[in-house]
Structure formats: structure tokens, C-alpha cells
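Take a look at the structure set out below.
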Amino acid sequence: MKPIQLTPPDIDMPTPEFVLLKSWKHNAQSWIEAIRTGAIESRLKVTDQAILLAVIGRQPENVLDLGCGEGWLLRALAERGITAIGVDGDPTLVKAARAAGSSPVHLASYEALVEAKVNVGCDYDLICANFALLHQDIIPLLAAMNALLVPGGTLVIQTLHPWTAAAGDYQDGWREETFAGFEGLWQPMPWYFRTLSSWLNALDMGGFRLVGLQEPQHPQSPVPQSLLLVAEQRG
Ligand SMILES: C[S@@+](CC[C@H](N)C(=O)[O-])C[C@H]1O[C@@H](n2cnc3c(N)ncnc32)[C@H](O)[C@@H]1O
């Protein structure tokens, strides 16, 4: 008689989403240092300015920064007289954001936001997510954010440019960021690569209408540094 092959139960296998958020617990301090010392050249030269201009250009009075990290964008918006509220799932980053600025910063995972377990306010003119949508099923989160906007409110997403990040494999799927080239001790982070059409489909399914698409680029670089999507609540 052939022996029965026992497969380990699924509950022993952490989901990539779980590993993703857990990696931030490990990487938070190194991330704070990287951001605050200006160690990421593409941010300094291109992408920080790009998202700031995209947000300010919509003239919002109040903004929710989803996945705000250590809070640099909250501080930049507050300096310009915009009320900016942050939310992030990592306690160390939230603590750092609270300590460095005057903006309220909520500690909440995206899962908690989807299930409306945490009150992060509502009636926002604009919600932004700067390199912060890294998990697979973003549609429920986009729909939850949709409900926090004023009618016709704006969503601004900056993310890795799919064509430059594809590395020859242009299809949706989990990838790994090893943070090679960064100073410090880092744990690899799983992140979900999505194609351009996958991004646009997610916006549509989340109840948004694309109103702008930018490919921020440095004049001396042959490739775009990011993809920037501006969408409006479809109502
Ligand atoms: C690359 S960092 C970007 C941080 C910030 N937006 C910035 O521009 O520096 C990604 C952020 O997403 C947050 N994040 C990732 N997955 C999350 C989840 N499931 N729930 C809440 N926050 C999450 C991390 O804690 C981290 O702060």
C-alpha cells in the first residue's frame, strides 16, 4: 500500500501580505534613516516632488496619507497649510511620524481599514498613497478609501513604474525587494507587481475614474522613476 502524503495545513503558511507588513517591523528603523538622510536618489531627484505637486495641484484642504511611513509627506503638506492625516500599519513608523510632525497619525493595517475597524476620519478631499500599495488585492482597500472621500474626491497613487519594475516579466505576481544597495540591515519584502492595465482595472473596480497619468522622469535618466495615477471618485 502506498503511504499517504500528508500536506502541511495552510494555517502554518503565512500569507505574503503578513510577511510584507512584518518586514516593515524589521525594516522600520533602517527605512526612517534612509528617508531622513536622503539616501534614495530617485526620491530626492524626482518622486517626492512629483507626488507633492500632484497633491497640491488638486488644492485639497484635507488629505489622508495612506501608508504614510515615517511621515515626510505629512510634514511637507502641513508646511503648505494643508491638513494632513496619516495612517500606517507599522508601530515604529507611526511613532516616528507622530514625533516628527504635528499631524495626527493613526496606527492601522489595511485589513483593519477595509473592515472599518479603525476610525481614520472621513470627508477627505484627497487620499494619497506613495509607494504604499504593495499587496495583492488592493480593490477592497481602494473601495474603503472611496467611502472616506467627499463626493468627487481625489485619489493620488505613486508606485513603481510597471515597465521599469517588470524586469522582463510583465505579468501580475509577487516579487521580492531585497533592499540591495541600501545601508543597514534589511529583511526582504514581498511586494505585488501589477501591470498598467491591472492598476487601471483596480481603480475602476474601486469606484474611481482615471483623470491623470504621469511618468515622472529625471532628464538625465532614460527611464521613468515612477507611475503616478490621479483618479476621481466616480460617485
Ligand atoms: C515603501 S513604504 C512608503 C512609506 C511612505 N508612503 C513614504 O513615501 O515614505 C510602504 C509603507 O506601507 C506600509 N504598509 C505596507 N503594508 C501595509 C498594511 N498591510 N497595512 C498598513 N500599512 C502597510 C508600511 O508600513 C510602510 O510604511
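The values are calculated or read from the model by the stated rules, or taken from the named source; none is laboratory data. Please read these numbers as outputs of a predicted model, since none were measured by experiment. Because the Cβ atoms are built from the backbone with ideal geometry, glycine has one as well, and the counts that use them run over all protein chains shown.
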Notebook entry, point to check: Restricting attention to the range 113-131, and to residues there that are aliphatic (A, V, I, L, M) and surrounded by 20 or more Cβ atoms within 10 Å (Cβ to Cβ), which single residue is nearest to VAL19 (Cα to Cα)?
Noted result: LEU113
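Here is a list: LEU74, LEU64. Which entry is within 10 Å of the ligand (Cβ to nearest atom) and surrounded by 14 or more Cβ atoms within 10 Å (Cβ to Cβ)?
Step by step, each of LEU74, LEU64 is checked, and only LEU74 is within 10 Å of the ligand (Cβ to nearest atom) and surrounded by 14 or more Cβ atoms within 10 Å (Cβ to Cβ).
Here is a yes/no grid of residues against (1) away from the ligand (no atom under 15 Å from the Cβ); (2) out of contact with any helix residue (DSSP H, G or I) (no Cβ under 9 Å at 6 or more places or on another chain):
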{"residue": "VAL118", "(1), (2)": "no, no"}
{"residue": "TYR124", "(1), (2)": "yes, no"}
{"residue": "CYS128", "(1), (2)": "no, no"}
{"residue": "MET145", "(1), (2)": "no, no"}
{"residue": "GLY153", "(1), (2)": "yes, no"}
{"residue": "GLY168", "(1), (2)": "yes, yes"}
{"residue": "GLY173", "(1), (2)": "yes, yes"}
{"residue": "PRO188", "(1), (2)": "no, no"}
Check: Can you find even one residue in the range 171-192 that is among the hydroxyl-bearing types (Ser, Thr, Tyr), surrounded by fewer than 19 Cβ atoms within 10 Å (Cβ to Cβ) and either part of a helix (DSSP H, G or I) or out of contact with any strand residue (DSSP E or B) (no Cβ under 9 Å at 6 or more places or on another chain) (or both)?
Finding: no
Next item on the list: Can you tell me which residue within the range 145-164, out of those that are surrounded by fewer than 18 Cβ atoms within 10 Å (Cβ to Cβ) and among the small types (Gly, Ala, Ser), is farthest from GLN59 (Cα to Cα)?
Entry: ALA147
Checklist line | Single residue of the range 197-234 satisfying the filter (under 17 Å from the mean Cα position of the chain (by Cα) and hydroxyl-bearing (Ser, Thr, Tyr)) that is farthest from VAL156 (Cα to Cα) | finding: SER198
Next item on the list: Find the residue count for the range 79-116, including only residues that are acidic (Asp, Glu) and away from the ligand (no atom under 13 Å from the Cβ).
Entry: 1
Check: If you scan the range 51-83, which residues turn out to be at negative phi, part of a loop (DSSP other than H, G, I, E, B) and under 12 Å from the mean Cα position of the chain (by Cα)?
Finding: CYS68
Margin query: Condition first: surrounded by fewer than 16 Cβ atoms within 10 Å (Cβ to Cβ), at pLDDT below 95 and either among the polar types (S, T, N, Q) or part of a helix (DSSP H, G or I) (or both). Can you find one or more residues in the range 84-106 that meet it?
Written below: yes
Item checked: Residues that are within 9 Å of the ligand (Cβ to nearest atom) and assigned to a loop (DSSP other than H, G, I, E, B), drawn from the range 130-142 -> PHE131, ALA132, LEU133, LEU134, HIS135
